[in-house]
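Report on one structure; see the data block that follows.
The values are calculated or read from the model by the stated rules, or taken from the named source; none is laboratory data. For clarity, every value in this text was computed on a predicted model and none was experimentally measured. No Cβ is skipped: glycine too gets one built from the backbone with ideal geometry, and neighbour counts run over all protein chains shown.
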Amino acid sequence: MKNVLLLGAGFVARPLVRYLLDQPFIQLIIASRTLQKAENLLEGHPQGKAYQLNIENTRSLETFIKQADVVISLLPWIHHLTVANMCLDLNKHLITTSYIKPEMKALDKKAREKGLMFLNEIGVDPGIDHMAAMRIINHIKKKGGNIK
């Protein structure tokens, strides 16, 4: 059984939670500012547990991250660096949906040296605009245009 920590229970979390709970080898922990939202996402599923978390409470955050094999942060981007640094310290893999900021990119070498995967821009937020951009680029190239 792999322990997956999901930080955040906002709008984009539901499809991910459904997918993860369909995997028989995953125990899902959802930690959110609003306990009710986390509980609603789990719908009483036996492979999931919901907790309330104030992201500013680093001791509490550390306790949750220590339990995880993989951390998925759906928090606002401003919190990703705190989570990433803690994942580095605790040797945990990290997935975020946000764009890669320079501060996050600076952690790449350390993560690789530790054998950790830090995957960013995974999901709908940046994903849809990446696909839209590729659609436009491909359309322009098809018409004989160049992109520089």
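Annotations
- Those residues of the range 89-98 which are surrounded by 14 or more Cβ atoms within 10 Å (Cβ to Cβ) and either in a loop (DSSP other than H, G, I, E, B) or of a type in the set (Ser, Thr, Tyr) (or both), in sequence order: 92, 96, 97, 98
- Applying the condition of being assigned to a loop (DSSP other than H, G, I, E, B) and under 18 Å from residue 53 (Cα atoms) to the range 1-11 and asking which residue is modelled with the lowest pLDDT yields 11.
- Any hit, the range 36-49, residues being more than 22 Å from residue 115 (Cα to Cα), surrounded by 14 or more Cβ atoms within 10 Å (Cβ to Cβ) and at pLDDT below 95: no
- Residue 111 vs. criteria surrounded by 16 or more Cβ atoms within 10 Å (Cβ to Cβ), among the aliphatic types (A, V, I, L, M) and touching an Asp or Glu at 6+ places or on another chain (Cβ under 8 Å): no
- Number of positions in the range 58-88 that are at pLDDT 95 or above, out of contact with any strand residue (DSSP E or B) (no Cβ under 7 Å at 6 or more places or on another chain) and within 22 Å of residue 102 (Cβ to Cβ): 4
- Looking only at the range 57-88, and only at residues there that are part of a loop (DSSP other than H, G, I, E, B) and exposed (fewer than 13 other Cβ atoms within 10 Å of the Cβ), the one that is nearest to the chain's Cα centre (by Cα): 76
- Screening 49, 92, 37 for residues that are of a type in the set (D, E, K, R) and under 16 Å from the mean Cα position of the chain (by Cα) leaves exactly one candidate, 92.
- Boolean, residue 136 is closer than 20 Å to residue 7 by Cβ, surrounded by fewer than 17 Cβ atoms within 10 Å (Cβ to Cβ) and either of a type in the set (A, V, I, L, M) or modelled with pLDDT of 90 or more (or both): no
- Scanning the range 25-49 for residues that are among the aliphatic types (A, V, I, L, M) and either touching a residue at least 24 places away in the same chain (Cβ under 8 Å) or under 13 Å from residue 74 (Cβ atoms) (or both) gives 26, 28, 29, 30, 31, 38, 41, 42.
- Residues in the range 12-28 that are closer than 9 Å to residue 47 by Cα, assigned to a helix (DSSP H, G or I) and of a type outside the set (A, V, I, L, M, F, W, C): there are none.
- Residue in the range 48-59 that is under 17 Å from residue 82 (Cα atoms) and among the hydroxyl-bearing types (Ser, Thr, Tyr) present: yes
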